[in-house]
Amino acid sequence: MDEWRGQAIDGWLYADPPWFHLAERLGAAAAPLVGASLAEVVATATTTVNIHALLASFYAPHGGRRKILADELDFPSDIFALQGQIALRGGDPRADLVRVPSRDGRTIDEADLIARMTGDVALVFLPSVLFRSGQLLDMERLTRAAHDRGLLIGFDCCHSAGAVPHRFDDWSVDFAVWCGYKYLNAGPGSTAFLYVNRRHFGRQPHLAGWFGSDKNRQFDMSHDFVPAAEAGRWQISSPSILSAVPLEASLRLFQEAGLGRLRAKSLALTSYLIDLVDAELAAPPYAFRVGTPRDPARRGGHVALEREERAREVCGALKARGIVGDFRPPNVIRLAPAAFFNTFHEVWRTAAALKEIIDRGEHLAAALNQKANL
């Protein structure tokens with residue numbers, strides 16, 4: 001904050017360290033979390049902007065291959081971006097975006113995704129973790145299947161980066177994006193990340209911008225775009241400094257703690273929460289059920305609690321008690337005990353609070369208040 005106040009524009013070159021290389025520096029710090037080399041990750045923009053930036057380079061419909069393969073449980077913003085990129089290439093978003101259906105409304109079977117990797121598909125883009133249920137997809141298997149069929153594949157890792165170790169390079173993932181404001185702790189709307197496998201560094205960034213320039217040429221002010229040699233070429237605009245700097249402290253803590261240890265604690269926390277729900281909250285009148293895969297290897301960092309009645313109001317009553325989850329329609333309360341700072345006692349208190357909310361009718365009072373304010 002002192003640099004921001006005192007140096008103003010000079011912070012680009014004279015802050016300690018200079019902001020001019022902040023995006024690349026943060027990318028290098030985040031690379032170990034996803035199993036990438038330092039040059040393959042850059043901190044830039046926001047998740048959906050990064051999806052557009054990468055799809056502009058990686059989605060190349062040709063001949064009979066025009067479709068993008070996704071899933072029907074994906075986050076809406078990702079679907080909107082995919083539809084937009086199809087339309088920009090002259091395609092029909094209704095016909096050229098394939099959304100593989102779920103068998104149970106919660107999860108996606110990898111076999112169904114692989115079966116639809118057919119000769120009319122040009123690109124595969126999937127989440128690493130489904131945002132409602134918390135199912136962790138087998139990214140290695142999906143990447144191998146896509147490449148066996150001559151397809152490029154990318155992932156949205158917003159719900160896994162910082163909670164689940166990844167090995168992008170070992171798996172040969174083509175590209176990926178993720179945010180900085182969930183498990184990476186940089187706050188709402190903070191700077192996001194993108195990853196591009198080094199074998200694609202020669203691709204042209206079709207949504208080019210000044211900050212994607214070769215750093216040695218950026219201040220030449222030439223109208224001839226000379227892109228950076230590495231993942232930084234997919235930057236469009238200059239980084240938002242105030243939204244990016246919290247990541248410096250957060251990523252130092254990740255390096256100190258080790259993602260393997262954090263993952264172990266995260267799985268212990270979510271397993272404990274699942275056990276508490278099964279033991280204390282499954283029977284009437286509580287009627288909560290776990291919509292997240294119980295196999296630890298198949299879930300991310302959150303637990304999806306389903307309740308057919310008043311789930312939104314229950315979530316609101318939790319927040320009134322200072323316990324922050326979030327509601328996802330139609331009936332899911334997501335609870336994400338963060339391994340860095342949440343305790344097992346806090347998980348127990350959350351389960352106890354859910355029980356008390358139902359016992360005392362706090363969710364019904366919240367519903368009445370909401371109706372009165374309409």
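No lab work stands behind these numbers, since they all come straight from the coordinates. Note that the structure is a prediction, hence the values are computed from the model and not measured. Please note: Cβ atoms are built from the backbone with ideal geometry, for glycine as well, and neighbour counts cover all protein chains shown.
Miscellaneous remarks
- Full-stretch length increase - W12, Q255 - with 0.36 nm per residue and alpha-carbon distance subtracted: 84.9 nm
- Cβ-based net charge around G11, under 13 Å, with every Lys or Arg adding one and every Asp or Glu removing one: -3
- Ranking of K67, K215, K265 by count of other Cβ atoms within 10 Å, fewest first: K215, K265, K67
- Computed extension length for D109-M221: 35.3 nm, one decimal, from 0.36 nm per residue of separation with the Cα-Cα distance subtracted.
- Coarse-grained scattering of the stretch 191-265 at q = 0.14, 0.17, 0.18, 0.25 Å⁻¹, given as base-10 log I(q)/I(0) from a Debye sum over alpha-carbon atoms: -0.61, -0.79, -0.84, -1.11
- Spin-label model distance (nm) - D275 vs R198, 7 Å beyond Cα toward Cβ: 4.4 nm
- Taking a straight Cα-Cα cut-off under 16 Å and skipping sequence neighbours fewer than 8 places away in the same chain, the aspartates and glutamates within cross-link reach of K182 are D156, E248, D326.
- Considering only beta bridges that DSSP places wholly inside the stretch 2-256, some 40 percent are antiparallel.
- Helix-derived mean residue ellipticity, 222 nm - over the chain, DSSP H n ≥ 4, -39500 (n - 2.57), to 500: -11000 deg cm²/dmol
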